[in-house]
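Here is the structure we will look at.
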Amino acid sequence: MNPVRSTAVNSRIVVNGGLLPVAVRTGGTQLEAAKQTPHGGTLVDLILKTDEEKEAAMAKCTKELQLTPRQLCDVELIMNGGFSPLTGFMDESTYQHVVDNVALPDGLIFGLPVVFDTDDEDLQPGDIVLLKDGERPIATVEFTDKFLPNKAYECKKCYGTSEIEHPGCLMVATERGKYYMGGKVTGLNLPIRDFPCKTPAEVRATLPDDVDVVAFQCRNPVHRAHYELFTRALDDPLVGPEGVVLVHPTCGPTQADDIPGVVRYKTYEVLKEETHNDRTRWEYLPYSMHMAGPREAIQHMMIRKNFGCTHFIIGRDMAGSKSSVTGEDYYGAYDAQDYAKEKGPELGVIPVPSLNLVYTEEEGYVTADEAKERGLHEKKLSGTKFRQMLRGGEDIPECNEYVTC
């Protein structure tokens with residue numbers, strides 16, 4: 001699927017050869033509600049605005065399909081601009097280029113392929129299909145091609161392994177359908193979720209346009225150690241004065257043993273109420289985790305660029321995963337950080353390495369290096385134990401150093 005490409009022309013914008021109006025500031029420049037420029041130059045918005053337009057779009061459909069939870073996340077981020085500059089699911093050539101080169105065919109960096117999967121033998125290029133979540137119409141898709149992917153090759157390139165013990169490979173092999181299909185998406189309605197998800201345009205409108213915005217990504221329930229991590233990131237020399245942090249956790253599907261998204265969302269709401277920090281903003285992302293380590297870090301940075309972020313906190317073992325058989329890590333602790341530093345200048349997002357914080361009996365939260373140098377006594381709670389306590393309804397202690405993202 002071809003991405004949107006644009007160039008500014010006074011108060012209008014050229015999009016794929018056609019002129020569309022854009023809002024302008026009093027100074028006459030193209031409106032960007034935040035300091036950051038969207039990926040590819042234009043923030044995509046594929047959602048129809050009137051009932052008449054929506055009815056006309058649905059009238060063209062000859063088939064209906066129910067979206068899986070992962071597909072629902074992808075459709076939402078395509079149509080609201082989170083995956084800008086995409087305007088639909090990737091066709092075979094675009095998919096292959098992203099798998100091979102971590103970039104779209106025009107060279108624009110893109111971390112992971114975005115595909116529509118199906119086992120339906122009857123679906124064919126040219127079909128216009130209504131995509132639904134239960135009874136709610138979400139979007140239409142006009143399919144352009146259908147192909148058999150080499151899933152083992154895709155996994156090897158995107159996840160660094162084709163072992164089924166990797167949760168991303170397991171998802172590709174057992175959850176995704178036999179075929180992938182490319183197609184142009186037309187948005188109808190955003191999903192109704194227990195965790196409210198603002199569009200990139202809505203989030204950008206809340207952000208300052210004159211200071212740095214640091215994104216914090218997490219797939220786990222949040223706690224005080226995370227708070228210490230993302231607020232202290234604002235003191236990093238890479239972040240300008242008066243910067244703000246956008247706490248933007250993923251609440252969509254992830255690996256099997258993770259806490260459900262709705263529960264994760266509720267932990268953030270509690271922390272938000274307890275802290276009331278003017279330099280912290282809180283939003284939620286309908287993204288389906290792949291646990292792809294370095295390449296997923298690039299995907300997260302790209303998405304947050306579309307939401308208006310200039311910086312991105314990269315934790316140790318970002319989006320990492322372990323073998324379900326051996327328990328061994330698939331990625332090194334700093335692989336994602338190193339890859340983000342390499343790709344950051346090209347992407348236009350500055351990676352901010354997260355502090356390795358620990359909780360000590362004497363001083364509370366300090367860096368691990370300081371605790372070691374001063375001989376402070378650390379108190380630890382493993383991620384596994386943390387999830388067990390949440391599932392059991394136990395009280396979570398304040399001295400939790402578990403900060404995996």
Answer with yes or no whether Met291 is touching a Ser or Thr at 6+ places or on another chain (Cβ under 7 Å) and either in a helix (DSSP H, G or I) or under 27 Å from Leu67 (Cα atoms) (or both).
yes
Output for segment 90-99, where each listed residue is surrounded by 22 or more Cβ atoms within 10 Å (Cβ to Cβ) and either touching a residue at least 60 places away in the same chain (Cβ under 8 Å) or part of a loop (DSSP other than H, G, I, E, B) (or both)
Met90, Asp91, Thr94
Selected residue (criterion: modelled with the lowest pLDDT) from residues of segment 193-248 that are touching a strand residue (DSSP E or B) at 6+ places or on another chain (Cβ under 7 Å) and assigned to a helix (DSSP H, G or I)
Ala225
Would you be able to say whether some residue in segment 74-89 is modelled with pLDDT of 95 or more, under 29 Å from Tyr339 (Cβ atoms), not in a strand (DSSP E or B) and not assigned by TED's automatic domain parsing to the domain that holds Asp133?
no
Working carefully through the options Gly134, Gly111, Gly160, Gly187, find the one that is farther than 24 Å from Met302 by Cα and small (Gly, Ala, Ser).
Gly134
Restricting to segment 298-324, name every residue that is part of a loop (DSSP other than H, G, I, E, B) and either acidic (Asp, Glu) or modelled with pLDDT of 95 or more (or both).
Phe307, Gly308, Cys309, Thr310, Asp317
Taking only segment 140-174 into account, find how many residues are assigned to a loop (DSSP other than H, G, I, E, B) and under 15 Å from Lys322 (Cα atoms).
7
Return the pairs, sorted by first residue and then second, in which the second residue is surrounded by 16 or more Cβ atoms within 10 Å (Cβ to Cβ) and modelled with pLDDT under 80, the first residue lies in segment 263-274 and is in a helix (DSSP H, G or I) and of a type in the set (S, T, N, Q), the beta carbons are less than 6 Å apart, and the residues are 6+ apart or on different chains.
Thr267/Pro221; Thr267/Val222
Taking only pairs six or more apart or across chains, which ones have beta-carbon atoms under 9 Å, a first residue in segment 325-346 that is within 22 Å of Glu163 (Cβ to Cβ), and a second residue that is buried (at least 19 other Cβ atoms within 10 Å of the Cβ) and of a type in the set (Lys, Arg)?
Ala336/Arg295; Tyr339/Arg295
Which of the residues that make up segment 310-355 are in contact with a helix residue (DSSP H, G or I) (Cβ under 7 Å, 6 or more places away or on another chain) and among the basic types (Lys, Arg)?
Lys343
Just to be sure, is Gly160 of a type in the set (Gly, Ala, Ser) and either under 30 Å from Glu121 (Cα atoms) or crowded, with 23+ Cβ neighbours inside 10 Å (or both)?
no
When segment 275-288 is checked residue by residue, the ones that are in contact with a helix residue (DSSP H, G or I) (Cβ under 9 Å, 6 or more places away or on another chain) and part of a loop (DSSP other than H, G, I, E, B) are Asn277, Arg279, Glu283, Tyr284, Pro286, Tyr287, Ser288
Scanning for something out of contact with any Lys or Arg (no Cβ under 6 Å at 6 or more places or on another chain), assigned to a strand (DSSP E or B) and surrounded by fewer than 16 Cβ atoms within 10 Å (Cβ to Cβ), does segment 42-63 turn up at least one residue?
yes
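The values are calculated or read from the model by the stated rules, or taken from the named source; none is laboratory data. Every value quoted in this text rests on a predicted model; they were computed, and no experiment measured them. For neighbour counting, all protein chains shown are included, and Cβ atoms are generated from backbone atoms with ideal geometry for every residue, glycine included.
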